[in-house]
Amino acid sequence: MSETENRARHVAIIMDGNGRWAKRKHLPRAMGHRQGVEAVRKLVRSVEPMGLDCLTLYAFSSENWKRPDEEVDDLMNLMRKFIKSDLPEFIANDVKLHIIGDWRGLAPDIVAMLEDALEQTAKGARTLAVALNYGGQSELVHAAKLAAQGGEITEESIEANLFTAGLPPLDLLIRTSGEVRLSNFLLWQCAYAEMLFVDTLWPDFTPEHLQQALDNFASRERRYGGR
């Protein structure tokens with residue numbers, strides 16, 4: 001298989017370890033989240049040079065609402081600041097924003113900001129997909145209901161109604177911080193994706209780490225149930 005054929009087009013990342021990063025440095029947990037946003041910025045800028053068509057980031061799960069109110073508020077405020085500050089850069093760098101999850105269940109002002117960002121980046125050549133208020137099991141229920149409304153429930157009809165419909169198939173899932181589980185993320189899409197679990201905490205994850213992951217992926221022989 002040639003290097004081009006084994007190139008990852010779509011990579012998803014479970015960004016884990018912000019709290020532990022802050023704890024190790026004796027900093028407030030909020031500082032870990034803020035440093036995690038900086039890691040996102042650096043990674044998004046590397047999408048084009050690395051040849052990725054789509055980068056999907058697990059930013060806020062439907063289970064994250066169970067965290068303390070103060071932490072949730074801080075995460076929401078970080079989201080507001082990120083959208084406002086980075087939207088011009090997305091537009092300038094031909095990045096298309098795509099949101100997966102029940103994002104319309106967020107605060108009205110955030111929903112309005114996201115709608116504006118989606119509209120302004122709609123023609124971008126490369127995609128940044130962000131999972132907000134997302135849960136993989138809920139996504140499957142949502143897709144199955146829509147498929148049933150349209151007729152027969154099949155693999156094709158469910159896939160057509162996933163939040164990721166229209167995105168390239170997932171090639172590689174990365175999780176940081178040493179945890180080895182999916183945490184209800186992209187359950188359908190991970191069926192034949194390669195997986196890589198790294199010990200690096202998310203705020204310390206750099207474009208160099210991503211490139212190493214892509215090199216690792218390129219060396220793998222992908223199998224789909226055969227030999």
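The values are calculated or read from the model by the stated rules, or taken from the named source; none is laboratory data. Being a predicted model, the structure only gives us computed values, none of them experimental. Positions of Cβ are generated from backbone atoms using ideal geometry, with glycine treated the same way; all protein chains shown enter the neighbour counts.
A few notes on this one:
- Hits in region 1-57 - residues which are modelled with pLDDT of 95 or more, of a type in the set (D, E) and over 18 Å from L78 (Cβ atoms): D53
- Criterion (over 30 Å from S46 (Cα atoms) and touching a Phe, Trp or Tyr at 6+ places or on another chain (Cβ under 7 Å)) met by exactly one of L146, L162, L132, L140: L140
- Every pair of residues 6+ apart whose Cβ atoms lie under 8 Å, when the first sits in region 35-61 and is without any contact (Cβ under 8 Å) to a residue 40 or more places away in the chain while the second is surrounded by 19 or more Cβ atoms within 10 Å (Cβ to Cβ): none
- In region 169-183, the residues that are without any contact (Cβ under 8 Å) to a residue 12 or more places away in the chain form Cβ pairs under 9 Å with partners that are of a type outside the set (A, V, I, L, M), at six or more places apart or across chains, as follows: R181/R175; R181/F197.
- Any hit, region 68-82, residues being within 27 Å of Y192 (Cα to Cα) and either in contact (Cβ under 8 Å) with a residue 40 or more places away in the chain or surrounded by 14 or more Cβ atoms within 10 Å (Cβ to Cβ) (or both): no
- Condition check for Q189: polar (S, T, N, Q), under 26 Å from R20 (Cβ atoms) and either free of Cβ contacts under 8 Å to residues at least 60 places away in the same chain or crowded, with 16+ Cβ neighbours inside 10 Å (or both): no
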